[in-house]
Amino acid sequence: MIKTVAHVIHRRGRRVDDPGIDIPVADDLVSQPGSRSKNVDVSFYSRVEPLTTPDLEKAADMDWAWTIFPDDLAEYRRAHDERSKPHLRAAETSGDIEPTGIPDPGVDMTEVIRNKARELGFGEVGFTMYDNRYTYAHRKGWPKFQNAICLALEQDYQQTQTIPSLEGEYAHFGTYEIEAEIAIELAEHIRSLGYRAQMHLDSAEAGAFIPMFVNAGLGQLGANGQLLSPHFGSRSRLAMLTTDAPVTYDQPVDFGISNFCQECQVCVNRCPGRALIRDKVWYRGVQKNKVIYERCRPVMANYDGCGICMKVCPIQKYGMKPVMEHYVETGGILGKGTDNLEGYTLRDKGYQGPDKLPHFNTQFFDIPNCRPEELLFNQFKEKVQAATMPPVEEMREFATEVKKALERGKRQSHMKD
Ligand code: SF4
Ligand code: SF4
């Protein structure tokens, strides 16, 4: 052993019947439980510049991405969207549904909910206060209850190792579909015990989940911008219930991830879009490695949702316990520099081993980066600049397209409201 162990984190097993695990944290990895943040700054940004989501603010990018999806992916995504509609509708009104049972003050709701969630298949379950500062601007007022139940569902291991691929997208979106079904079941169970439950599902979420998952002690934020949890790293899909059931909050944990990522850097080095940055920055009151959206989105759109930063993460691949034990014993990063961890294949670029990265020209990164109506206006402006007078037909066409884009935006925002 070349490192001194500063503390050991004990966690429940991956599945209900699995034994618990002990994760050693080396002394040079110790930082702080959860994330390093400045409360005053988090509150300031949420007040003067509430969070927005690229789903709305950059909706033109999604429209554009659909135009370059391969046929098989587009067909799968359309089918997924159809299958998800009933879940999203159920989530929107879930907070208004009355309880079906009578509360029993003698019941420990924290353990009842945790056990039921684990029995349904959630690999990580934690409790914290719902932090309204992370609610999106267009969702303010929607979350009804103060207690948040954070839920992570593991996605298929083998499919994830094929990323970027259609298989990987089956794992990604398929897990969300299963998660929605079991979240509905968990919400019904809570109502049967006399309390209310509101569902925050993917595409119907009220805000950013990860800060609350970190506060609930389910993991820490990785350099890839994802929640790294003990058993499956970021290979999971997140959902949340908020409830008025009385629960005891969990506490944030120092798994050593914050400093470990600074040593590891595999996702930063392997990102084909060079969208991840080595050094942490302060952003909206939290210290983190920021993902550069404009460099990530084109890669995601062109390569089956990309996700290489998830696939090459040793904590996703091997689990936090073996990775941290290896670090304590050797001072090294398990799998770093090997094809097994770092290799991946891009459709038109071939195999990329640990010492190889693909190259893209600047046009590759040229994406709309705005709302659809802004894109139309910019295109129209270019046409006007190119001609002495805007042709009447083009003005009519412009007006029709803007109307359509605004209607579409209204529908999307309504789904999210
Ligand atoms: S999804 Fe791909 S492009 Fe985006 S940050 Fe991850 S590895 Fe980079
Ligand atoms: S690949 Fe390494 S640096 Fe990136 S999130 Fe995983 S542990 Fe952190």
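Each reported figure results from applying straightforward, stated rules to the coordinates on display, with no laboratory input. What you see is a predicted model, and the numbers here were worked out from it, not measured in a lab. All Cβ positions, glycine included, derive from the backbone under ideal geometry; neighbour counts span all protein chains shown.
Remark: region 121-129, residue by residue, has Karplus-estimated 3J(HN,Hα) of x, 5, x, 10, 9, x, 10, 7, 7 Hz, where x stands for each Gly or Pro and the curve is 6.51 cos²θ - 1.76 cosθ + 1.60 at θ = phi - 60°. Rounded to the nearest 20, the size of the Cβ-charge dipole of region 1-370 about its Cα centre is 920 debye, with Lys and Arg at +1 and Asp and Glu at -1. Counting every pair of alpha carbons in region 27-67, the share spaced more than 15 Å apart comes to 66 percent. Non-local lysine pairs in region 249-377, meaning eight or more places apart or on different chains, with alpha-carbon distances under 24 Å, amount to 23. Dividing the summed -39500 (n - 2.57) terms of all DSSP H runs of n ≥ 4 by the residue count of the chain sets its mean residue ellipticity at 222 nm at -13500 deg cm²/dmol. Kirkwood hydrodynamic radius computed over the chain comes to 22.9 Å, based on all pairs of distinct alpha carbons.
With the charge dipole of region 291-375 set up from +1 on Lys and Arg Cβ and -1 on Asp and Glu Cβ about the Cα centre, the Cα lying farthest toward the positive end among the listed residues Cys296, Thr345, His326 is that of His326.
Think of each Lys and Arg Cβ as +1 and each Asp and Glu Cβ as -1; about the Cα centre, that makes the dipole of region 266-328 roughly 140 debye.
Counted over the chain, the DSSP beta bridges are approximately 95% antiparallel.
Neighbour counting of Cβ atoms within 10 Å sorts the residues Met1, Met320, Met62, Met240, fewest neighbours leading, into Met1, Met62, Met240, Met320.
Take every pair of alpha-carbon atoms less than 8 Å apart whose residues are at least six positions apart; their mean separation over the length of the chain yields a relative contact order of 23 percent. Counting beta carbons within 10 Å around each of Thr128, Thr53, Thr67, Thr345 and listing the fewest first gives the order Thr67, Thr345, Thr53, Thr128.
Taking a ≥ b ≥ c as the square roots of the eigenvalues of the Cα gyration tensor, region 1-100 is classed as prolate, since a/c reaches at least 1.5 and a/b is larger than b/c. Residues considered: Ile178, Ile308, Ile210. Largest GNM mean-square fluctuation over the chain, using C-alpha springs under 10 Å, is found at Ile178. Applying a 4.7 Å cutoff between beta carbons, the unpaired cysteines of the chain are Cys150, Cys261, Cys264, Cys271, Cys296, Cys306, Cys313, Cys370.
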